[in-house]
Amino acid sequence: MSRSPDVLVIGGGVIGGAVALSLADRGLAVTVLESGRIGRGASWAAAGVLAPDWSGHDPAVLTRLAADSLAMWPEWVAELERRSGIGLNFRRDGLINVQADPSAESLPPELGVEPPPLAAGERLSVSELRRMEPILTGPILGGVLDGEVAQVDNPRLTPALMRAAADRGAIVREGALVIGIERAGSRCVGVRLADGSILSAGAVVLAAGAWSGPLAESIGVSALPMTPWRGQMLLFDAPAQPVRRIIFCGELVLIPRPHGPLIVGTTFENAGFDCRVTLGGIAHILARADRIVSGLGDLPFSRAWAGLRPGTPDGMPHMGPVQGWDGLFAATGHGRKGIILAPLCGELMARLIVEGDFDDRLEGCRPGRRMPNLDA
Ligand SMILES: Cc1cc2nc3c(=O)[nH]c(=O)nc-3n(C[C@H](O)[C@H](O)[C@H](O)COP(=O)(O)OP(=O)(O)OC[C@H]3O[C@@H](n4cnc5c(N)ncnc54)[C@H](O)[C@@H]3O)c2cc1C
């Protein structure tokens, strides 16, 4: 007779996968419930850039969490590749944060924003920049090179996590849409699936990405406010790598993948839960690329896609216990940083759930914290 799992994880993305693996490694019986196919949400659509602070828009405390997580990556990813047998192409080639001239005629305002001050960054003059990356043209003032920034083949990441977790006994169920979270008194006791079945467990982790918000609201939990932020991405076939490092400027990002293709993104749109590509989104990306990059129009276009970043009002993830629901934990709302944060999130959530250890670093992520944008 099969016993109830210790923990049910709602959502089979990189966050659900990282949490499931850390729990399974601690000997817990874990079941992951994924409504569609694992790793096909934001975790698949992402750029795979592992940069603690590439925009300067994020709260400092989030940047510190991301830096801590980045420090875990080399060992974490090597171990994951070994255990899963899936190559993840972790590479530390660095990122160049380019500053365009804000006074240039009809420059989209976000391109002219000063790069964030990077501790590990090296300032580059325009001529140094153009020597390093000849594709850069247009009204550029200079840039900052952060050699610590890495990238990973993110579409393979969730399958690797799930395979490693399954090797430790975790059960991964695809096509399992959770429509409710069950409780008895103040205790969370399991979930309800769309087929009407109820699954019991000692604890439940809500890791359903952008869809965590509506699920929380449906059970009357207001402590997890979220907004889906759509990001569109383009892929070009590039026979010889047109850039060597990741290039970032405002919202524009160019990522050279090791085997040739060039990814160009992105948008930041509130389009509800619609994650389709639009011509407007493609035009937006190309118009920005056209201002600082030459020759993109000559590359063969391969495809475009979009994904939903799980955003929160204060830009911080929701990680921790959900008040009034003993045994319900949130691991969601990682916005633009869910890939880089995955190792740390898995570790801190497992410590919390298994050992009851609420790491100080989770304080700013506590579900139900004051949200200046909402509470003001
Ligand atoms: C265009 C784009 C670029 C990005 N670039 C980067 C980057 O370079 N670096 C970085 O660190 N981050 C990046 N991100 C952010 C990162 O992708 C996300 O923060 C991260 O993938 C979130 O992971 P997740 O597991 O929470 O969500 P998801 O990957 O979306 O997974 C959630 C899963 O839950 C499932 N689900 C939803 N509802 C239910 C339900 N009711 N029952 C069962 N299952 C359910 C979904 O089907 C989905 O598979 C980017 C995001 C986008 C969209």
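Rule-based calculations on the coordinates, nothing more; no lab input. Everything quoted here is computed from the prediction, not taken from an experiment. All Cβ positions, glycine included, derive from the backbone under ideal geometry; neighbour counts span all protein chains shown.
Observations on the model:
- Note on the chain: with a GNM built from Cα contacts shorter than 10 Å, the maximum mean-square fluctuation among Leu299, Leu62, Leu262 falls on Leu299.
- Between Leu50, Leu124, Leu95, the GNM of the chain built on Cα springs shorter than 10 angstrom shows Leu124 fluctuating the most.
- Computed log10 I(q)/I(0) for region 22-67 at 0.30, 0.33 Å⁻¹: -0.99, -1.09, from the Debye equation with unit scatterers placed on every C-alpha and solvent omitted.
- For Arg309, the residues 5 or more places off, or on other chains, whose built amide H falls under 5 Å of its own are Trp229, Arg230, Gly231.
- Cut-off under 5 Å, modelled amide H: who pairs with Gly142 long-range: Gln99
- Region 71-201 - convex hull of alpha carbons, volume per residue in Å³: 226
- Debye log10 I(q)/I(0) at q = 0.15, 0.18, 0.34 Å⁻¹ for region 212-254, Cα point scatterers: -0.61, -0.68, -1.19
- Listed by Cβ neighbour count within 10 Å, with the fewest neighbours leading, His259, His57, His318 appear as His259, His57, His318.
- The string of couplings for region 56-68 from the Karplus curve (6.51, -1.76, 1.60, θ = phi - 60°) is x, 8, 7, x, 4, 5, 6, 4, 5, 4, 5, 5, 4 Hz, one whole number per residue in order, with x for Gly and Pro.
- Tail beyond 25 Å, pair distance distribution of the chain (Cα, percent): 54
- Rounded to the nearest 5, the antiparallel percentage of DSSP beta bridges internal to the chain is 70%.
- Helices in the chain, meaning DSSP H runs of at least 4 residues, each add -39500 (n - 2.57). Divided by all residues, the mean residue ellipticity at 222 nm is -8500 deg cm²/dmol.
- Other-chain or far-sequence residues with amide H under 5 Å of Val253's (modelled H): Gly265, Thr266
- Each residue of region 326-343 is assigned a 3J(HN,Hα), and the resulting list reads 4, x, 9, 10, 9, 9, 7, x, 7, x, 8, 10, x, 6, 4, 7, 4, x Hz, derived from the Karplus form 6.51 cos²θ - 1.76 cosθ + 1.60 (θ = phi - 60°), x at Gly and Pro.
- Ordering of 17-30, 148-161 by burial proxy (mean other Cβ atoms within 10 Å per residue, highest first): 17-30, 148-161
- Dipole magnitude for region 132-178: computed about the Cα centre from +1 point charges on Lys and Arg Cβ and -1 point charges on Asp and Glu Cβ, it is near 340 debye.
- GNM result for the chain, Cα springs below 10 Å: residue of Gly356, Gly327, Gly147 fluctuating most strongly: Gly356
- Cα convex hull volume per residue for region 295-376 (Å³): 152
- Within region 149-218, all pairs of alpha-carbon atoms sorted by distance into 5 Å bins from zero give the percentages 3, 12, 18, 22, 19, 13, 7, 3, 1, 0.
- Using all pairs of distinct alpha-carbon atoms, the Kirkwood hydrodynamic radius of region 230-321 works out to 14.3 angstrom.
- The relative contact order of the chain comes to 24 percent, based on Cα pairs under 8 Å that sit 6 or more residues apart.
- Cα centre as origin, Lys/Arg/Asp/Glu Cβ charges: region 240-353 dipole, Debye: 360
- Here the Karplus curve 6.51 cos²θ - 1.76 cosθ + 1.60, taken at θ = phi - 60°, turns the phi angles of region 355-367 into couplings of 9, x, 8, 8, 4, 3, 5, 7, 3, x, 10, 4, x Hz, with x standing for Gly and Pro.
- Charging the Cβ of each Asp and Glu at -1 and of each Lys and Arg at +1, and nothing else, the dipole of the chain about its Cα centre rounds to 720 debye.
- Helix 157-167 and the long axis of the chain differ in direction by around 30°, with both axes built from C-alpha atoms.
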